[in-house]
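Values quoted throughout were computed directly from the atomic coordinates according to the rules given, and no laboratory measurement underlies them. Source: prediction; values computed, not measured. Cβ atoms come from the backbone with ideal geometry, glycine included; neighbour counts cover every protein chain shown.
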Protein chains: 2
Amino acid sequence: MPANKQILLDNRPVGEASTSNFRLTSTETPELRDGQVLVKHHFLSLDPYMRGRMNDSKSYAVPQALGQVMGGGTVGEVVDSKSPKFRAGDMVVGMGGWQQYSVFDAEQLGALRKVDTTKVPLSYYLGAVGMPGVTAWYGLVRIIEPQAGQTVVVSAATGAVGSAFVALAKARGCRVVGVAGGPDKIAYAVDELGFDACMDYKQHRDAASLTAALKEACPQGIDGYFENVGGMVLDAVMPRMNDFGRIALCGMIAGYDGKPLPMTYPALILMSRLKIQGFIVSEHMEVWPEALNELAGHVASGKLKPRETIAQGLEAAPEAFLGLLKGKNVGKQLVKLI
Amino acid sequence: MPANKQILLDNRPVGEASTSNFRLTSTETPELRDGQVLVKHHFLSLDPYMRGRMNDSKSYAVPQALGQVMGGGTVGEVVDSKSPKFRAGDMVVGMGGWQQYSVFDAEQLGALRKVDTTKVPLSYYLGAVGMPGVTAWYGLVRIIEPQAGQTVVVSAATGAVGSAFVALAKARGCRVVGVAGGPDKIAYAVDELGFDACMDYKQHRDAASLTAALKEACPQGIDGYFENVGGMVLDAVMPRMNDFGRIALCGMIAGYDGKPLPMTYPALILMSRLKIQGFIVSEHMEVWPEALNELAGHVASGKLKPRETIAQGLEAAPEAFLGLLKGKNVGKQLVKLI
């Protein structure tokens, strides 16, 4: 039995999360029972939703249990199998958690999925061709429902969701404007990801200033907004929304540390007859095949060139995760475990 | 030519509206041109949306022009006609404004509509079987889309919209809970309008207190909310919304005096995967025939027994309107002009 390093949630954050909330431990991988599969993780995905799960309060995700391995998406290789569905050497994606190995019940529908790494690099199945990509797809296609020529905006523009969003929206003939933090991200968004424009929220002290900048970048107003952050950016975008605009609410990372961030002017929902809808992509499994197929196609054709920020080794996961919450990553934040 | 008393918007409110914003004047009704119809108004409708139009800021309604007759729905009798479509004696509904007479262009589609007063009293075409009734219908049927057994809540429960809402929602097998102000309205809501329960927001100093009361009144949570007021009541309802709940945003009367009222905890939209949608019923004319037909049926069968608060004489309109904004009316607020 190989040794298996794990990171547990040791205690819940009070305000900002810190590395002291986590605890590194080690165990042995258990003997497989019939129907089980042992996976050696190559990459662990770090995602903003994990911060919500660290709190004990009502959240869209079930709280992460204390003393248990932190949950999270993983890609890796089957190293042992007592299931006819998988064999050693299969490359797979699943929710393996913050650890080097995990045991899956192969009979549980959707728990573990084989992936093809001939055209799509393995790690992309945690990003552009995985949960973040499908998240962008659902918000754009099912909530924003853009028409060609319309303007759509996404916050956290250079993250895993934002970079998939711009490819999907450009493929539909939209003007696509991002919001991100800092000159490097702005340049990356416009030069590499294909955004028509990208706003640096760090250049704006308040929502009114960012609203004015958005007016220039979106001369026809904003028809659809994909919200990853909340707070000041949402306040800045709302006054620029066109009548009958749609806002897909995917994340409010700006409020994850516990300060509830108000929406300053909800009367705009009425005045502009907006639709605002929150969603969690794991509740819409029916769209995954179609979405993944489109995303893989954009990767294969080069229209979607995701960048990754990769931390090395399980021990680096907590620090990398806290960096993600502060926007230090560019593109998909991963931890390489081999 | 009969004399025609009119009320104009004289100046815009700074903060609270007051009677000094209005000016009474008198003119002669003009000679009719071909295709025109002269209507003598029996009733003028007073509605919260008019307060929004008094401001010059962006609002869902075009601002009311200064020095012009205040806009508003009217019912009355055709007294002269140069159109083959209408004859003297026809009872009609239209947007005649705050005046005793108005001239309509009969060729303009939808400007003037004949109504049948054999089963439905004339004034109801401004309330239960008019714009407020269709407003309730659209928000309930097209946005909330309730299923039998679900719980729906409406604020300003005893107003024209609220009293239509409860009849429409009960007809669909819902548990219907209202929010209104003061013991008389609460008793009226439960005893006469058929609400399963009605909360008195004046008994609650803050949103948390009202949230707790709603928990008792809505033991299965809230699946749909029809919002007429905004502010504290919206903050109180949101934490009790069930996953995938729908909020139809029709009015935010609490913020009409210019203080922007924030939404305290928009992260709930994400956590509970809510849909919030603003709408204006005049933009959905396609539903009016179906909605009016259902509403007239509920009136005829006695399931919808609207109450009216009637001010006498055009001169009483400003005071009655300000009373409406403070919730002094029960049911539909009208001004009798004959």
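The mean count of C-beta atoms from other chains within 10 Å of the C-beta of residues in B:223-230, rounded to a whole number, is 1. Between A:Y225 and A:V153, A:R246, A:I247, A:A248, the built amide H atoms are under 5 Å apart, and every one of these is 5 or more places off in sequence or on another chain. Sequence-ordered 3J(HN,Hα) estimates for the range B:266-283 from the Karplus curve with 6.51, -1.76 and 1.60 and θ = phi - 60° stand at x, 4, 4, 4, 6, 4, 9, 6, 7, 10, 10, 9, x, 7, 10, 5, 5, 8 Hz, glycine and proline given as x.
Using C-alpha pairs under 8 Å with a sequence gap of at least 6, the mean separation divided by the residue count of the range B:187-315 gives a relative contact order of 19 percent.
Taking the longest Cα principal axis of chain B as reference, the axis of helix B:160-170 is set at about 50 degrees.
Straight-line cross-link reach from A:K170 at under 29 Å between alpha-carbon atoms covers these lysines, not counting any fewer than eight positions away in the same chain: A:K119, A:K185, A:K202, A:K215, A:K275, A:K303, A:K305, A:K326, A:K328, A:K332, B:K275.
Residues whose amide H lies under 5 Å from that of B:T309, counting only those 5 or more places away or on a different chain, are B:V330, B:K332, B:Q333, B:L334; hydrogens are built 1.01 Å from N in the peptide plane. Plainly put, the tip 7 Å out from Cα toward Cβ on B:E192 is 6.9 nm from that tip on each other copy, the closest given first. Each other copy places its own label point for A:D105 at 7.1 nm from this one, sorted shortest first, where the point lies 7 Å along the Cα-to-beta carbon line.
Full extension of the chain between B:K326 and B:D116 yields a length gain of 72.3 nm, computed as 0.36 nm times the residue separation minus the alpha carbon distance. Cα centroid separation, the range A:243-294 to the range A:14-47: 30 Å.
Look at the alpha carbon pairs under 8 Å that are at least 6 residues apart: their mean separation over the length of chain A gives a relative contact order of 18 percent. Remark on B:L304: its backbone amide H falls under 5 Å from those of B:V299, a criterion applied only to residues 5 or more positions apart or on other chains, H modelled at 1.01 Å from N. Using the Karplus relation 6.51 cos²θ - 1.76 cosθ + 1.60 with θ = phi - 60°, the per-residue 3J(HN,Hα) values for the range B:121-136 come to x, 3, 5, 5, 6, 9, x, 4, 10, x, 3, x, x, 5, 4, 4 Hz, with x marking Gly and Pro. Taking the label point 7 Å along Cα→Cβ, B:I280 and its counterparts in the other copies are spaced 3.7 nm apart, in ascending order. Against the main long axis of the alpha-carbon atoms of chain A, helix A:288-301 sits at an angle near 80°.
Within chain B, the longest segment free of exposed loop sites, counting GluC sites (Glu not before Pro) that fall outside DSSP classes H, G, I, E and B and have at most 16 other Cβ atoms within 10 Å, spans B:108-338.
Nearest 10 degrees, 0 to 90: what angle lies between the long axis of helix A:207-217 and the longest principal axis of chain A (Cα atoms)? Roughly 80 degrees between the two axes.
For chain B, the 222 nm mean residue ellipticity estimated from helices alone, with every DSSP H stretch of n ≥ 4 adding -39500 (n - 2.57) and the total spread over all residues, rounds to -6000 deg cm²/dmol. For the range A:1-73, applying the loop criterion from DSSP together with a ceiling of 13 other beta carbons within 10 Å to the trypsin sites (Lys or Arg not before Pro) yields A:R33, A:K58. Straight-line reach from B:K85: which lysines have a Cα under 16 Å away, not including same-chain ones fewer than 8 places off? Correct list for B:K85: B:K114. With the convex hull drawn around the C-alpha atoms of the range B:12-117, the volume per residue stands at 118 Å³.
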